[in-house]
Each structure stands twice: as structure tokens, then as C-alpha cells.
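Notes to accompany the following structure.
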Amino acid sequence: MFETSIAVYRSLIAGGFATKPGNEQTLDFMPDEDALVRQRMALFVIKRETELRNSGLSAKLAAKTVKEELDSSEKYSRVAPKVLTPRTIQIWKKKKAQGGANALVPATQNSGNRGSRYDATYEKIAWDVLEELYLSNDRLSLGKLSANIEKKYRAKCAQEGIEPGDCGKRSLAAVLKALPADDVIKGRHDSATARKLRLQAQFYHKIEAPFDLIEIDSTTGDIMVVNEERVCIGRPTICLAVDAAMGFPVSIQLSLEAPKEALTIRALKDTMTERSDAFFEKFGIENRLRVSACALMVHSDQGPENSGPELSRIVEALGIEWAKNTPGCPDRKPFVERMMREVNEFLHTLPGATTSKDLPNRQRIDKAMLEATLTLDELEAALMKWAYDVYGKKLRRGIHSPLRHAESPTQCWERLECHVLNVKTPEEIRSVFCTRTVERTLQRYGIEVEGVQFNDKEGQLRRFISHVGVGAKLEVRYDPQDAREIAVVHKVEGFSNPLIVSAKMQGMPAISFAEARRLRQVNEEAKAEDLDARSTAIELALETQRKADSLGRGKLSNLKKAKAKEAERRKKVEAFEKSKVPPRSEISAVARANQPTPKLPITRRSNRPGMDLME
């Protein structure tokens, strides 16, 4: 703010650098960032169109030129109108002349209907019809009932001589929304179906300590990743398991495949696994927050990755409760949705991000593919370090009551860690996640499950086979996501039950049985090379056969004499061929090459060291 004289102010108005008092339109609202960008875009169009018209272009050609410049601009392309006509520019100029630059700010704050969608008469009629028809069965929809209610409402208004108000389908939906969801479900369905639907569309869980409630969700990350050859391979799938008490991601899983049941099981298992020092050293984590336990309740959506036979067995074995919210209601799992937003905001700062503030709504896909540099392992390392060293120390407002000061997830865990008692041992975790059971016959080499042979190097299985005998049939349990070991269930005394047997292969990687089966399959390139080698062998045989046919039949001879004669001939040929190469040609011809390195002389002191020098 500064003061000026009346004369200077008048000259500024005359020069077009200031407006007259009262001419500038004032805003009664605070515009958001999108509205300000649209205002700047309109001012740019007005200025640029004026320059083009002054240079001699027609109004239509000037509008076309400005539209092309808007589409190519990174700043205004997302807010540019689909069609820019001279009439649109003329309207913008008129708004600016009458109300100044503020008149070009979109008044989107006035959109929407803030009043009631129905009056008391419509509400009374709607309640009667809903109670009579809608709540008594599940065959009638809102669309069919709205017409009937509208007719009765208009007849009632005509009878009482009043002007009818809103009475469409949205008015009926507003009335129905005021009813308790439990009453609607129980009224429209039988008791068994209503109980199932109400359990699937559950509520908020009462949270008192960490791992009382964990929310799990999977989504596609807003970033492109590359392979080892720096070729863009697409966007990864991110699966998060977030604790509701701390608001902290107790598991972060990345995958290049679509969300599957195996990814959810992997995340659930990771929430119970203790974080070792090797884990923190691998990702360079300083905030060593050791968070692990078995959740009392898990909340997720109704996606296919959150259901399946193996996941059901795990949930039953753990004794936890798995609740699912209604489709289209992400607000029922707010903690994981908030965490997903935090993760994507962090991903937007990395090279290869598919969304930014200036280029939202998938407008940055091509640019992200060109600048992508992170592999999936590098992205996992960055996410892990960010989760522990950054997000784990941030103050959060959703994890404390109004009577307690703000605290970070790390501080929340330190305060409530004493209440977390449901911790699983490695043996219990292994037993729970061995969801598949098969019957196998003992062989001399051990046991084979889905193409993988098992026979531990400690010799327990060999002693067991010698005690039981080959051919015995036993029950084998295993984790389909870990092909490193199996559990053999038996009733033989003197051996642990179940008997844990590791894979016969030394250094078996931690992969699933399905992945091991895929790795054993021969790829198409190897098949083509094998076919080419077999074909070459046949060609060699055919070539030899052609030579034999051209020479005709041989004759019988003394084999011993003929072999000795041929050996003598080959010795002479080899000696003649070696004589063509001069001696010492395979080594360097330089005289100083191939000589021992001379020893360097040792420099001796002229004076012997004294006591002071030695000290």
C-alpha cells in the first residue's frame, strides 16, 4: 500500500493503469487455485488477442491462433475451453471493462442447491408411500416410486391451493437418506439377508490401542517405474495396511501385477512379522520403529483381492474379524484412504510421477514415461525410508483426542505399546499361513510338493524316512507364497510334530510355488535354440550321408594296419602345420616384456634415530 496525489491518480486512470473508484468488482469469496488459473488464462487470451488483432489478423483467425497457443501451454492447457470463439473473447472483454480483472474469476461458489429439496407436505406423502411400498419389499426402485409420489404431491397442492415445490427423484432420495440405514435394510429383506448386509457394511470400530483395527487397501501408484535396462514398465500396485490408532502404515507392499488375494495375504503376514536390524539397514532407516502384532479386526473394501479361500482360512485361524464396507463408500475406511493420499503426494515429488499440480488428471503420462528412473526395488526403498523417517515423525491430528496434545505415530506407539499383547511367534505365523494341505508319499529323495523337492540338510527327514520307511503316506501343510519349507504332520514319537523340512535346493529364494513353477517353464527363445540345434544335427547327418553316397561302397581291410598308417599320416600333417608358425610367436616380441620386475632399492638413513625421534 502507498499514497499518491489526486493528479497522479488521474493520470494513472487516463493511462489505463488504474480504475475509477467503484468500477472494480469486489469478490465476496476466496477463490481457489483453479479459479485463479482460469482468471489468468482469460487475461492472457484478452491480451494476446488484442496483439494479434493489432498486427492485422481477423477476429476468427486471432481466436484460432490463441486457442493453439493455449493447447500447447503447460500452464493453461488444462483449463483452456474446448472451443474458443470471437464471441467468447468479446464476453470476457466486456466483463473486464465493467468489473475489472476480478470479474473474470469463475463464481463456482454459487453452484449447488443449499436449500431443502422438499417441503413438509412432500415429506409426509413420501413417508407414507415408502412405508407402504418401499420398505415392505425389495422389488420397487426409487425411480418407480418417485412418479407416484410426485402425482399425489401435486394433487395435494392443487387441493390446498399452494404452489408445488421440488418433487422429483432427488427429493425422494433426500427423504430416504434421512432414514436409518439399519431400518431400511431390515425392512426390505429377510432377517438372514439383512444380517449379512449389515455385517458387510459395518461402522467404525472402537479404537483404544494399536492393532485394534487395521485398514487394508490396494491402489495403483501415481508413478512410472523402469526395469534394469531403464525401459518404462508402467505403474506399480501399492498395498497398504494402516493401523487406525497410530495412523501408521504397518505394511507397504509393491507389485507389478493387479491386486490379488496373494498381495493382501502378504501384507497381512507382514503386519505380524518383527522388524529386524537387517530390515532397517537395508533401507537406511534411522527411526527404528518396531511395530508388529496380530490385529483384532481388519477393515477393507469388497474388492476381489480381499476375499478367497486361502484368506478365509487365515482369518479363521487367527481368530480376527474381517469387516467390509459398502461399495462406493471409501469414507468407511478413512485411515487407509488418508494414507494413500499421503503416499501419492510423496510420489508426485519423484521423477516419473504421472500427476502434478499443474498437470492433473493423467495429463502427465507421456512426460512421466520419459523421465522415469526408479526401479521397483528403488521405489520400495524410498517409500520405506519416507514412511519411517518422515511420516513416522510427523504430527497428526487424527490420532489424538481434543484433551491430548498432537503426537506423531512414533510417539503414539511408545505411549500405547504396553497395551499391545497379541503378538505372534515365528512358529505361530508359519503355522497360520500354511493354508494348503496335501497327502504325499515318502520317497528316498524326500518329499515333492508342486514340483519342488524337500529334504533338509540337517538330516531330520532322512532319519524320519529310515524310521518310518519309504512309501508311507503323510499329511503335508505348506504356505503357497513361500516355497522354502513345508510342515509334515505325523504321529511318530521322537520327532517334532509338525516336522519342518526345508527345500532340497541350496539357497532356495523366498518365492511362491506358482513363481517356482513359472521359472521351471522353458521360454520360447530357449525352445527355438533347442529346435535349431536338433535341426543342425540332422543337417550334419544328411551332409555325411550325401558324401558317402558320392564316394560309393568301400572295401574290407586290416583294421590294425590301416589305423596305424592313418595315425602316422596325421602326425606328419600336424608337424607340418605347426612348422608354419615361428617359435615364441604366442608371446610378446618386446625384449623387456615377460621379465621379472626389478626390486627397488631400500633407502637407508644417514643417522641412527635417537630416543627423542622414536618418541
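The values are calculated or read from the model by the stated rules, or taken from the named source; none is laboratory data. These figures come from a predicted structure and were not determined experimentally. Positions of Cβ are backbone-derived with ideal geometry, glycine not excepted, and every protein chain shown enters the neighbour counts. Calculation scope for accessible area: heavy atoms of the full protein, side chains included, ligands and nucleic acids excluded. Shrake-Rupley method; radii C 1.70, N 1.55, O 1.52, S 1.80 Å.
Label sites at Ala382 and Leu542, each approximated as a point 7 angstrom past Cα along Cα to Cβ, lie 5.6 nm apart. Only Lys, Arg, Asp and Glu carry charge here, each on its Cβ (+1 for the first two, -1 for the last two); on that basis the range 206-419 has a dipole of about 560 debye about its Cα centre. Other residues lying with their Cβ under 10 Å from the Cβ of Leu57 contribute a combined charge of +1, Lys and Arg counting +1, Asp and Glu -1. Report, to the nearest whole %, how much of the accessible area of the range 434-520 belongs to carbon and sulfur atoms, 1.4 Å probe, protein only. Result for the range 434-520: 47 percent of the exposed heavy-atom area is carbon or sulfur. A straight Cα-to-Cα reach below 23 Å connects Lys491 with the lysines Lys457, Lys473, residues fewer than 8 places away in its own chain not being considered. Rounded if a/c is under 1.5, else prolate if a/b is larger than b/c, else oblate: which is the range 33-108, with a ≥ b ≥ c the root eigenvalues of its Cα gyration tensor? The shape class here is oblate. Using the Cβ-Cβ distance between Cys232 and Lys561 with R0 set to 56 Å, the FRET efficiency works out to roughly 0.20.
Protein heavy-atom accessible surface, 1.4 Å probe, per residue over the range 33-108: 58 Å². Dipole size of the range 33-108 about its Cα centre, with +1 on Lys/Arg Cβ and -1 on Asp/Glu Cβ: approximately 340 debye, rounded to the nearest 20.
Computed with a 1.4 Å probe over protein heavy atoms only, the accessible area of Cys412 comes to about 0 Å². Evaluated at q = 0.08, 0.09 Å⁻¹, a Debye calculation over the C-alpha positions of the range 206-419 (equal weights, vacuum) places log10 I(q)/I(0) at -0.28, -0.36. The lysines within cross-link reach of Lys561, meaning a Cα-to-Cα straight distance under 27 Å and a gap of 8 or more places when in the same chain, are Lys547, Lys571, Lys572, Lys578. Taking Cβ atoms as reference points and 14 Å as the exclusive limit, the residues near Ala158 contribute a net charge of +1, counting Lys and Arg as +1 and Asp and Glu as -1. Normalised by the number of residues in the range 240-290, the average gap of Cα pairs under 8 Å and 6 or more apart makes the relative contact order 27 percent.
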